[in-house]
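What follows draws every value from the coordinates through simple rules; no lab data is involved. Keep in mind that what you see is a predicted model, and the values were worked out from it rather than measured. Neighbour counts are summed over all protein chains in view; Cβ atoms, including those assigned to glycine, are modelled from backbone coordinates with ideal geometry.
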Amino acid sequence: MNTTSILDIKNLHAGVAGKAILKGISLTIGPGEVHAVMGPNGSGKSTLAAVLAGREGYDITAGEARYLGQDLLELDPEERARAGLFLAFQYPVEIPGVNSTYFLKSALNEQRKHRGLPELDAIEFLKLVKEKIKLLDLNEDLLKRAVNVGFSGGEKKRNEIFQMAVLDPTLAVLDETDSGLDIDALRVVSEGVNKLKAPGKAQLVITHYQRLLNHIVPDYVHVLMEGRIVRSGGKELALELEERGYDWISRELQLAA
Amino acid sequence: MSTALSTIEEFVNTEYKYGFVSDIESDTFPPGLNEDVVRAISAKKQEPEFLCEWRLRAYRHWLTMTEPKWPKAYYPPIDYQGISYYAAPKPKAQLASLDEVDPELRRTFEKLGISLDEQKRLAGVAVDAVMDSVSVATTFQKDLEKHGVIFCSFSEAVRKHPELVEKYLGSVVPLTDNYFAALNSAVFSDGSFCYVPKGVRCPMELSTYFRINAKNTGQFERTLIIAEEGAYVSYLEGCTAPMRDENQLHAAVVELVALDNAEIKYSTVQNWYPGDAHGRGGIYNFVTKRGVCKGRRSKISWTQVETGSAITWKYPSCILLGEDSVGEFYSVALTNHYQQADTGTKMIHVGKNTRSTIVSKGISAGHGQNSYRGLVAIRKSATGARNFSQCDSLLIGQQCGAHTFPYIEVKNTSAQIEHEATTSKIGEDQIFYCNQRGISKQDAVNMIVNGFCKEVFKELPMEFAVEAQKLLGVSLEGSVG
């Protein structure tokens, strides 16, 4: 076991209601690294994100996932979050009546409590918010509204990355953060993510399209098809995929079979 | 790691923390109801002739009525002859001061967080405590008297201010009004009375704490609040009861009268024993609450947070007679386990340019059934009347229900009426989203529920808003694991 890695997935099998979706994923992410997982629709990308974050309803049938040396799969979702695992949602959830600032402050203080740090009071928290919100070019008024309520699609995605900036996770999993974004929003979101890159931290960027990887440049690219990582390479693999499509890999796989 | 469904089922394991029984000797009538019982209650309270007669008229009318069947609530028939209609903690001798209150009784109220003497000194809230059917102590009376405010038990008001009682009793809720109001009029044993004279702004919050203790008894209290011209009063009632296997009947009547430019703010935090996780026991809370805005520019505002009772049947209402008068209703009703609530309001617009606001928040969990039932009536005379209604329902889990029955009757074409309604579920998605940010399931549910109720909580006096939030938290405890 590589104890210096942040995330170490070995032969992970998972499914929903008896249907196998992930069929043996192995993936190791080290500190400071940015990994991209790409794949066509239905390949298991979002399942991978959900299983890592601990969403209910998925059965883990084989394999293991270790996060900072501990067994990730036995932790509750909130324990994973408090240990520094962050998921930027593909579809951020609206919570009517719950003020965004209050929500994020509660989240941050839960995480700080877990790490034995003092909780931030309203003034300290506001200072942090003002600093981080600039990264995402977000309107401060959004923070006075209920969580994600009345936000545009782009605002929701930017809000996810803003939350990531405030919570400062060790491992950030970005689930199709580019979907539904226009080119300007994509640039802002990507710049935000890039600024959060740090030596001790890692990012797992899940996407269908290569275009996100023009902005967030990965160290490694993995291609996910039918629940397996069928190819891994450097950032040039993404460009190749963009050019030749996923069919190219499926054809090669069929030939090899 | 538990699944969302099983965590929601854990809801059922909530403990009711006020379910203790106090060992207090009580003076209780044997079960049963007839004219002699009505006379005996009146005699026990040394009431004047007019009141005894009034009770008897109510009783005779009640005999001709049948129990309403229209509420969306199901329960076995109530045996009205199986209930004791009078229970009073002994000793019932007149108390000269709080020090004479039975120590066990004081401990009871202390357990409930109502320390009569502490409260008296610290909180600046005047409290009238009603145990079973009798008022046991009223604090701050002397201070209030300086301002001319009368705040006392109903019995004391009958003795000391019979002219006010005779003038206003039944003036808002007539003894013929409905089945439970008629029953209450016949057998009510005590309650609170408040009179705020012309131009006086009541200097402190007034509060009544109702506690049912004795077994097999009904609680029938009567509250009457009168705000004279330009007066203001804010009044809060709280209610709890021990855990018992059988159902107990609570049928109260509250009447409010606001004259010119007067304002009455009436807040309720109701936490009667709701029954156990299987729907055994609990209070039947069949209550008639109504206020009349008699004067011009008068205002009556009802705020209620209802988390208790097996069945709740109540519609705090406003009759807007005076021109430019205002009626408000803010409600949070929570049903969990097998609780049923059929609650809402009636806003009757009679005067010109009268305005009303209704904000109702229903939360259903477990097998709870929550119904909003409301009437907005604009009479022919009510030119320029306006109403805004908002009814929101929140569902937690798969087995609960939310229902809305809004009635609107408009007889004047200049009226403006708005009605908004939403139904939402606390979704697994929302809980997971909170979890993923580090917030526990329980905190997530509390956060979502409190967010849902925010508009109502902000209408409560501050210290009670905090209490109400905590109460919702307790009632939802164990809802998710």
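What Rg and what Dmax come out for the stretch A:7-256 when only alpha-carbon atoms are used, in angstroms?
18.1, 62
With an 8 Å Cα cut-off and a minimum separation of 6 or more residues, compute the relative contact order for the stretch A:7-256 in percent. Let's see the in-between values first.
Working: 434 pairs, mean separation 70.1, N = 250.
For the stretch A:7-256, the relative contact order is 28 percent.
In nm, to one decimal, how far is the modelled label at A:S232 from the one at B:Q81, with both set 7 Å along Cα→Cβ?
The answer from the label model is 8.4 nm.
Largest first, please: the extent of the C-alpha atoms of the stretch B:383-447 along each principal axis, to the nearest Å.
Reported extents, whole Å, longest axis first: 54, 25, 15.
From the residues A:S5, A:L239, A:H35, which one has its Cα farthest along the dipole of chain A in the positive direction, the dipole being from +1 and -1 charges on Cβ of Lys/Arg and Asp/Glu about the Cα centre?
Farthest towards the positive pole: A:S5.
In debye, nearest 20: dipole of the stretch A:7-256 around its Cα centre with unit charges on the Cβ of K, R (+) and D, E (-)? Each step should come with its number before you reach the end.
Working: 31 positive and 36 negative charges, 42 e Å.
In debye, rounded to 20, the stretch A:7-256 gives about 200.
If the cut-off is a Cα-Cα distance under 27 Å, which lysines reach A:K134, setting aside same-chain residues fewer than 8 apart in sequence?
A:K105, A:K113, A:K144, A:K156, A:K157, A:K195, A:K197, A:K201
Subtract the Cα-Cα distance of A:Y58 and A:N214 from 0.36 nm times their separation in residues, and report this length gain in nm to one decimal.
Working: separation 156, 0.36 × 156 = 56.16 nm, distance 3.23 nm.
Contour length minus Cα-Cα distance gives 52.9 nm.
Restricting attention to the stretch B:392-465, which trypsin sites (Lys or Arg not before Pro) occupy a DSSP loop and are surrounded by at most 16 other Cβ atoms within 10 Å? Write down the numbers at each step before the final one.
Details: sites: B:K411, B:K425, B:R437, B:K441, B:K454, B:K458; in loops: B:K411, B:R437, B:K458.
Those satisfying the criteria are B:K411, B:K458.
To the nearest 0.05, what FRET efficiency results for B:Y179 and B:K142 with a Förster distance of 30 Å applied to their C-beta separation? Walk me through the intermediate numbers first.
Working: r = 40 Å, r/R0 = 1.33.
Working from the Cβ atoms, E equals 0.15.
Straight-line reach from B:K299: which lysines fall under 19 Å, measuring Cα to Cα and dropping same-chain residues less than 8 apart?
Reachable lysines: B:K198, B:K265, B:K289, B:K346, B:K352, B:K458.
Average partner chain C-beta neighbours within 10 Å, per residue of A:93-106? Write down the numbers at each step before the final one.
Details: counts 9, 5, 12, 9, 13, 10, 3, 0, 0, 3, 7, 1, 0, 7.
Per-residue shielding by partner chains comes out at 6.
Sort out for me the Cα centre separation of the stretch B:427-453 from the stretch A:79-144, rounded to whole Å.
A separation of 14 Å, based on Cα centres.
For the protein assembly as shown, what ratio Rg/Rh do Cα atoms give with a Kirkwood hydrodynamic radius?
Values: Rg = 31.2 Å, Rh = 28.8 Å.
Checking Rg against Rh, the ratio lands at 1.08.
With a cut-off of 8 Å between alpha carbons and a minimum separation of six or more residues, what is the relative contact order of the stretch A:112-257 in percent? List each step's numbers first, then the result.
Details: 121 pairs, mean separation 25.0, N = 146.
Taking the mean separation of contacting Cα pairs over the length of the stretch A:112-257, I get 17 percent.
Can you tell me what percent of all Cα-Cα pairs in the stretch B:415-467 are more than 18 Å apart? Please list the in-between numbers first.
Numbers: 687 of 1378 pairs.
Percent of Cα pairs beyond 18 Å in the stretch B:415-467: 50.
Among B:Y168, B:S381, B:S189, which residue has its Cα furthest toward the positive end of the charge dipole of the protein assembly as shown, with +1 on Lys/Arg Cβ and -1 on Asp/Glu Cβ?
It is B:S381, whose Cα lies furthest towards the positive end.
Quote to one decimal, in nm, the extra length available between A:W248 and A:N139 on full extension: 0.36 nm per residue of separation minus the C-alpha distance between them.
Details: separation 109, 0.36 × 109 = 39.24 nm, distance 4.30 nm.
Gain on extension, A:W248 to A:N139, equals 34.9 nm.
Assuming R0 = 35 Å, what is the FRET efficiency of B:K44 and B:S171, from their Cβ-Cβ distance, to the nearest 0.05? Write down the numbers at each step before the final one.
Values: r = 25 Å, r/R0 = 0.71.
In this case the efficiency is close to 0.90.
Between the alpha-carbon centers of the stretch B:134-206 and the stretch A:206-257, tell me the distance in whole angstrom.
What the calculation gives is 79 Å, centre to centre.
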